[in-house]
1. Determine if the range 16-23 includes at least one residue that is open to solvent by 80 Å² or more (accessible area, probe 1.4 Å), of a type in the set (A, V, I, L, M, F, W, C) and within 15 Å of the chain's Cα centre (by Cα).
2. Only one of these conditions is not met by Lys77: (1) open to solvent by 70 Å² or more (accessible area, probe 1.4 Å); (2) modelled with pLDDT under 70; (3) part of a strand (DSSP E or B); (4) of a type outside the set (Ser, Thr, Tyr). Which number is it?
3. For the range 1-27, what are the residues that are closer than 16 Å to Thr82 by Cα and either not aliphatic (A, V, I, L, M) or not in a loop (DSSP other than H, G, I, E, B) (or both)?
4. Of all residues being over 20 Å from Arg27 (Cα atoms) and at pLDDT below 65 in the range 53-74, which is surrounded by the most Cβ atoms within 10 Å (Cβ to Cβ)? Just the residue, please.
5. For the range 28-62, name all the residues that are over 14 Å from the mean Cα position of the chain (by Cα), in a loop (DSSP other than H, G, I, E, B), of a type outside the set (A, V, I, L, M, F, W, C) and over 12 Å from Val83 (Cα atoms).
6. Mind listing whichever residues of the range 37-47 are farther than 12 Å from Ile17 by Cβ and either touching a residue at least 40 places away in the same chain (Cβ under 8 Å) or open to solvent by 30 Å² or more (accessible area, probe 1.4 Å) (or both)?
Amino acid sequence: QPDIVFVKADGSIPLIIDTKYKLLDSRDKKLGIAQSDMYQMFAYAKKYNCDRVIMLYPHIDKLEEKTFAIERDMSRKIKINTVGIGIDLQKNKRALLGQLKIILGGPNASFNS
């Protein structure tokens, strides 16, 4: 099962997030993402009829956001994002929330939609 599933009131699933505690390789074209992890995301997209899947990794320098399309269904996308995990949540919850808002759709993104 995915780590985080966003469910609308009508039961549809607009977004799935799966967290990975692995380091990416910015020098690799595929970022060092395991093929099995990518297949897992494709399976989630199909099973939950979800067009937007995010794989969330720990932050590394020099890595841009990357998006992969599912070849047979170009409307479904798997986005690769990173988040800083060196945050003391007791002292700075807003920093993590700020990062997540940007990942989910910009600084004005809402967690209530």
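1. Quick first cut of the range 16-23, residues open to solvent by 80 Å² or more (accessible area, probe 1.4 Å) only: 21-23.
Applying the additional criterion that residues be of a type in the set (A, V, I, L, M, F, W, C) yields 23.
Restricting the remaining residues to those that are within 15 Å of the chain's Cα centre (by Cα) gives 23.
Yes, some residue in the range 16-23 is open to solvent by 80 Å² or more (accessible area, probe 1.4 Å), of a type in the set (A, V, I, L, M, F, W, C) and within 15 Å of the chain's Cα centre (by Cα).
2. (2)
3. Taking the range 1-27 first, the residues closer than 16 Å to Thr82 by Cα are 3-4, 16-27.
Result: Asp3, Ile4, Ile16, Ile17, Asp18, Thr19, Lys20, Tyr21, Lys22, Asp25, Ser26, Arg27.
4. Ile70
5. Asp28, Lys29, Lys30, Gly32, Tyr48, Asn49, Lys62
6. Across the range 37-47, the qualifying residues are Met38, Tyr39, Gln40, Phe42, Ala43, Lys46, Lys47.
The values are calculated or read from the model by the stated rules, or taken from the named source; none is laboratory data. For clarity, every value in this text was computed on a predicted model and none was experimentally measured. Ideal geometry is used to build each Cβ from the backbone, glycine not excepted, and the neighbour counts take in all protein chains shown. What goes into the accessible areas is simple: the full protein's heavy atoms, side chains included, and nothing from ligands, DNA or RNA. Shrake-Rupley method; radii C 1.70, N 1.55, O 1.52, S 1.80 Å.
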